[in-house]
Amino acid sequence: MATLTEAPPPLSPTAPAKAPPRRRGRWTPYWLLLPGLLWLIVFFALPMLYQASTSVQTGSLEDGYKVTWHFATYWDALTEYWPQFLRSVVYAGAATVLCLVLGYPLAYLIAFRAGRWRNLIMILVIAPFFTSFLIRTLAWKTILADGGPVVGALNTLHILDVTSWLGWTSGDRVLATPLAVVCGLTYNFLPFMVLPLYSSLERIDVRLHEAAGDLYARPSTTFRKVTFPLSMPGVVSGTLLTFIPAAGDYVNAELLGSTKTRMIGNVIQTQFLNVLDYPTAAALSFILMAAILLMVTFYIRRSGTEDLV
């Protein structure tokens, strides 16, 4: 008896070959970078080149300036205005330390203890940015006015006696002294310290604190061994964002200080706008940039965060 066999399935039509994927344009990333590159070239690179050429020129405003490669301008500017350079570094360093001392507890509070008030405190931190930098600095002239409550409280606590002995105040007044300039710098640049610190602290896993507590670590030990080392990127970023603009600032020294508290930014402004000595002003600008670059590079390498460079 013949066995029945199943008929083979019908042959399916041959599937068409897939078209090769369309190759993306290799120039697309460069076209996307083009607007930013043009912006940097027009508003950063070209002005830098122009200032570099200005710093090696000689002449006068009446006769005109010519590029004579007079590099002695750098040495003359440095030897004449080194006290202002040193004063700028000291004032900016003091303001940076104060911002770190005041900003770290505030950032820690926002990151770990604020709860539902976190957004409100963050708004209060950045609220000063809604007011002009100039107006905020002028307000400190009222806050630190002679006979005001701040000066009265400092006199009552005999703080002005100590600061006057250190040379940061003059008698019973705060205005037109180094202390007033540092206070203005600290206030104006404090948000630049708080925001990076908060961003770094927020990333820390709170379970690490719980683990440290389970291992019988004291809160101070937990902070020293866990919290602060993990927040070092924020500390480095905050100190850089505070020190760099503070070192070149001239508004606080102009409005809150005196002729004895002039910073290098005031000298550059005077050379550009009043004396009209453009080569010296340009040379001072480049010296300031080079000094800050060297200090920042050394600081980053010493802090062990070379990845931020």
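The values are calculated or read from the model by the stated rules, or taken from the named source; none is laboratory data. Predicted model, so just to flag it, every value in this text is computed and none were measured. Here the Cβ positions follow ideal geometry from the backbone for every residue, glycine too, while neighbour counts run over all protein chains shown. The area values use the complete protein model at the heavy-atom level, side chains included, leaving out ligands, DNA and RNA. Shrake-Rupley method; radii C 1.70, N 1.55, O 1.52, S 1.80 Å.
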(request) Convert each backbone phi in the stretch 87-100 into a coupling constant with the Karplus relation 6.51 cos²θ - 1.76 cosθ + 1.60 (shift: θ = phi - 60°), then list the ³J(HN,Hα) values in order as whole Hz, x for Gly and Pro. (result) 5, 5, 5, 5, 5, 5, x, 5, 5, 5, 5, 5, 4, 5
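For A217, what is the net charge nearby, where nearby means another residue's Cβ is under 13 Å from its Cβ and Lys, Arg count +1, Asp, Glu -1? Don't jump to the answer; show the numbers that get you there.
On the way: positive: R218, R224, K225; negative: E210, D214.
With Lys, Arg at +1 and Asp, Glu at -1, the net is +1.
Might you tell me the accessible area per residue for the stretch 34-128, computed with a 1.4 Å probe and given in Å²? Intermediate results must be reported in sequence, preceding the final value.
On the way: 6230 Å² over 95 residues.
Spelled out: the 1.4 Å probe surface of the stretch 34-128, per residue, equals 66 Å².
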(message) For the chain, take the longest principal axis of its alpha carbons; what is the angle in degrees between that and the long axis of helix 178-202, to the nearest 10 within 0 to 90?
(response) 10
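For a protection proxy built on the mean count of beta-carbon atoms within 10 angstrom, sort 222-233, 81-92 highest first, please.
Working: 222-233: 15.9, 81-92: 18.5.
Descending mean neighbour count gives 81-92, 222-233.
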(request) Distance between Cα centroids, the stretch 216-280 to the stretch 148-179: provide it in whole Å. (result) 22
(request) In whole Hz, with x marking every Gly and Pro, tabulate ³J(HN,Hα) for the stretch 259-276 from phi via Karplus 6.51 cos²θ - 1.76 cosθ + 1.60, θ = phi - 60°. (result) 5, 8, 10, 5, 9, 5, x, 5, 5, 4, 4, 5, 5, 6, 9, 9, 6, 6
(request) Just the number, please: Stokes-Einstein D of the stretch 103-213 in µm²/s, Kirkwood Rh from C-alpha pairs, 25 °C, 0.890 mPa s. (result) 150
(message) Could you work out the percent of alpha carbon pairs in the chain separated by over 31 Å, rounded to a whole number?
(response) 52
(request) Return the calculated 222 nm mean residue ellipticity for the chain, to the nearest 500 deg cm²/dmol, obtained by summing -39500 (n - 2.57) across DSSP H runs with n ≥ 4 and dividing by the residue count. (result) -19500 deg cm²/dmol
(request) From the P(r) of the stretch 172-239, can you give the percent of Cα pairs sitting at distances over 16 Å? (result) 60
(message) For the chain, take the longest principal axis of its alpha carbons; what is the angle in degrees between that and the long axis of helix 232-247, to the nearest 10 within 0 to 90?
(response) 40
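Give me the net charge of Q57's neighbourhood, meaning all other residues with Cβ under 13 Å from the Cβ of Q57; Lys, Arg count +1, Asp, Glu -1. Could you put the intermediate results ahead of the total?
On the way: positive: K66; negative: D63, D277.
Summing Lys and Arg as +1 and Asp and Glu as -1 gives -1.
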(message) Quick check: the angle from helix 278-303's long axis to the longest principal axis of the chain, C-alpha only, nearest 10 degrees?
(response) 60
(message) From zero outward in steps of 5 Å, how is the percent of C-alpha pairs of the stretch 213-309 spread across the bins?
(response) 2, 11, 15, 15, 13, 11, 10, 8, 5, 3, 3, 1, 1, 0
